[in-house]
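Trainee: So that we are looking at the same thing, I have put the structure below in structure tokens.
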Amino acid sequence: MVSAGFIFRPILQAARRADVRVLALLCALAGSALGAKAEDAEKGKQQFLTSCGVCHTAEPGAGNRQGPNLAGVYGRKVGSIADFNYSPALKSGTWVWNETTLDPWLTNSQEAHPGTFMNYRQANAEKRRLVIDYLSSLSKESK
């Protein structure tokens, strides 16, 4: 993902030099990069709702459903929401949810961690990436 500092720092530097042509070009590029980021975020949210939204919510402060609330899950230790009844496979887990642990989990949760209650499989790598990026963006927002 592109950070705002990466985008706007050159714009401010060009503005100080009063190079109008460079400023106009950088503004156009920044707008398209931010637009693409917003579009990717919306795609990720839609994929999350389609793939995960029946059993999970990802709204801060919302309750659990059949699965735990996933707000802030990216970067969080597995099985760490106090008011959710995790399977023994997750209660005894020691890993943190991140791209490395979420991708195999979403590919086949039963194969990744046998004995878990969740029975989900997503073979499409692009759909998994969208969900993982979406969950990652939520965790960054909540910090």
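Trainee: Just to check I understand the Karplus step: with θ = phi - 60° and J = 6.51 cos²θ - 1.76 cosθ + 1.60, what whole-Hz values come out for the range 107-123, glycine and proline as x?
Mentor: Working through the residues one at a time gives 5, 6, 4, 5, 6, 5, 9, x, x, 6, 6, 6, 10, 10, 9, 10, 6 Hz.
Trainee: Quick one: if you stick a label point 7 Å off each Cα along the C-beta vector at Asn64 and Asn108, how many nm between them?
Mentor: Here the answer is 2.7 nm between the modelled labels.
Trainee: Relative contact order of the range 52-142, please, whole-number percent, based on alpha carbon pairs below 8 angstrom and at least 6 residues apart. Don't jump to the answer; show the numbers that get you there.
Mentor: On the way: 126 pairs, mean separation 23.7, N = 91.
Reported relative contact order: 26 percent.
Trainee: Enumerate the amide H contacts of Arg65 below 5 Å, restricted to partners 5 or more residues apart or on another chain; note that Pro and chain-start residues carry no placed amide H.
Mentor: Under 5 Å from the amide H of Arg65 lie the amide H atoms of Thr57, each far enough along the sequence or on another chain.
Trainee: Here's a follow-up. For Gly93, list long-range residues whose amide hydrogen, built 1.01 Å from N in the peptide plane, is under 5 Å from its own amide hydrogen.
Mentor: none
Trainee: Based on the Cβ-Cβ distance from Glu42 to Lys91, what FRET efficiency comes out when R0 is 41 Å, to the nearest 0.05?
Mentor: The calculated FRET efficiency here is 0.75.
Trainee: Which whole number in µm²/s is D for the range 62-143 by Stokes-Einstein, with the Kirkwood Rh taken over Cα pairs at 25 °C and 0.890 mPa s? Walk me through the intermediate numbers first.
Mentor: Details: Rh = 13.0 Å.
Roughly 188 µm²/s, to the nearest whole number.
Rule-based calculations on the coordinates, nothing more; no lab input. What you are looking at is a predicted structure, and each value in this text was computed from that prediction instead of being measured. Positions of Cβ are generated from backbone atoms using ideal geometry, with glycine treated the same way; all protein chains shown enter the neighbour counts.
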